[in-house]
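Only one structure is covered here, and it is reproduced in the block below.
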Amino acid sequence: MARSEIISHDELQSWLLDKIAFYLDRPVENIDPGVELARYGVDSVYAISIISDIEDHLQVEVDVTEARRRETVADLTDYLLDLVA
């Protein structure tokens, strides 16, 4: 994805949910964007992998510490949209 492409909140959130579901090996429908990722078992290893995927997908550098402060998919989506704006 080129950085100049516009990505919507819904598109990015859906992509994130798909990635997280993949890593956790659970159906995407079972992941609520408003629930803390830690409650699903997203630990630092998963987080680093997901952040790496985000960087590849959005072609931006993500501050790991800042990204980890976002506890839900919804919060992380908002943070990432600000990064690519």
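A few remarks follow.
- Test: residue in segment 34-55 that is in a loop (DSSP other than H, G, I, E, B) and open to solvent by 80 Å² or more (accessible area, probe 1.4 Å): no
- If you go through segment 1-33 and keep only what is farther than 17 Å from ASP75 by Cα, touching a residue at least 12 places away in the same chain (Cβ under 8 Å) and either in contact with a Leu (Cβ under 9 Å, 6 or more places away or on another chain) or not in a helix (DSSP H, G or I) (or both), you end up with MET1, ALA2, ARG3, ARG26.
- Some residue of segment 53-69 being over 10 Å from the mean Cα position of the chain (by Cα), at pLDDT 95 or above, among the hydrophobic types (A, V, I, L, M, F, W, C) and over 13 Å from ILE20 (Cα atoms): yes
- Of all residues making up segment 60-81, the number that are assigned to a helix (DSSP H, G or I) and surrounded by fewer than 18 Cβ atoms within 10 Å (Cβ to Cβ): 10
- Positions within segment 47-67 being of a type outside the set (Asp, Glu) and in contact (Cβ under 8 Å) with a residue 24 or more places away in the chain, in sequence order: SER49, ILE50, ILE54, HIS57, LEU58, GLN59, VAL60
The values are calculated or read from the model by the stated rules, or taken from the named source; none is laboratory data. This one's a predicted model, so the numbers in the text were calculated from it and none came from an experiment. All Cβ positions, glycine included, derive from the backbone under ideal geometry; neighbour counts span all protein chains shown. Ligands, DNA and RNA are stripped out before the accessible areas are found, and what is left, the full protein with its side chains, is counted by its heavy atoms. Shrake-Rupley method; radii C 1.70, N 1.55, O 1.52, S 1.80 Å.
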